[in-house]
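Notes follow once the structure below has been shown.
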Amino acid sequence: MKKLFFIMAMLMPVSVMACDICGCSASGYQLGILPQYHKNFIGLRYGYRQFKSTHPMELGNTMNHESREFYHTTEVWGRWYATKKLQFFAFVPFQYFRREEGKSITTVSGLGDITLMANYTFIDNNWDLSKKWHHVFQAGGGIKLPTGKTGIPDEGGNIYQNFQPGSRSTDFVLNAVYTVRRGKWGLNTDASYRINTTNKEEYRFGNRFNTSLRGFLYQPVSKTVALQPYAGLMYEHAEGDHQLQKTKEYTGGDMLHTSIGADVYFNRFSAGVQAQLPVYQHLSAGYNKTYARLSATVNFFF
């Protein structure tokens, strides 16, 4: 019997700058649909995001100016089953950010915030061959640790809260995932919520909510190779940030993306690519604009 698919999402440490407007993701999720949901795995994921930010006129200036931000994240991640129903996840991101404003170019890089999570399987009838419809429901949570590199200044000596590999805060993640399948066709939906705490600079990034809906098709090509195309929608919401217990202007926002991608499975390996295109966005009171997102992944199951 074909294995029922399981999708797992991770919150990556992104946010909004404390002082000036810059590109940001409302939550930074990168989604991947995995086969063989009952197996352990280790993998490598890459994600790319791009933003254009308009900076409002300041005292003495007569016109707005713009900047562009480019976010690259390479992440080592994995899953380990402690019991048949209890699984643990680890996510270790490495960040590279680039900001272009006029002739000024700022780059930062380093280890990001490590996230540890656990999920429990509440419903799973995949083993029952007599069922036409197969269901899996899993839920859990985790913690994002302040392991990322911080305190990196730009050319002017400014340290932006957003433009750092780490957030310097310990945050908490809740998630739930449901997958239904009949034959080769399936549907997956998930929801995640990240609760952020105040860091050492008395800055608290706004809480993040993310949800998605995807349809997929599992198509065997041979005894050892299968293809899985998928398409769907993803919605993200970020609350406003706070500094010294006051809401920061031009922070928070909403985005709706379409997503399309494909995975290939061969023996113990899987690889895939995905593109996300913005349908609706309202970030930083309309001063930020996001573009298409791209991601790729390679996994080894054992």
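Data table
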quantity: Phi-based couplings in Hz for the stretch 121-128 (Karplus 6.51, -1.76, 1.60; Gly and Pro marked x); calculated: 8, 8, 9, 6, 10, 4, 6, 8
quantity: Partners for residue 184 among lysines (Cα-Cα distance below 22 Å; same-chain residues under 8 apart left out); calculated: 2, 3, 39, 131, 132, 223
quantity: Proximal aspartates and glutamates to residue 85, defined as alpha-carbon separation beneath 19 angstrom and excluding residues fewer than eight positions away on the same chain; calculated: 124, 128, 190
quantity: Whichever lysines have a C-alpha closer than 22 Å to that of residue 200, once near sequence neighbours (fewer than 8 apart) are set aside; calculated: 144, 149, 246, 248
quantity: Karplus 3J(HN,Hα) series, Hz, for the stretch 141-146 with 6.51 cos²θ - 1.76 cosθ + 1.60 (x for Gly, Pro); calculated: x, x, 9, 9, 8, x
quantity: Extended-chain gain in nm, criterion 0.36 nm per residue less alpha-carbon gap, residue 103 and residue 72; calculated: 9.1 nm
quantity: Placed amide H near residue 251: partners under 5 Å, 5+ positions off or other chain; calculated: 241
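Every number in this text was worked out from the coordinates using simple rules, so none of it is lab data. Bear in mind the structure is a predicted one, so any value in this text is a computation, not a measurement.
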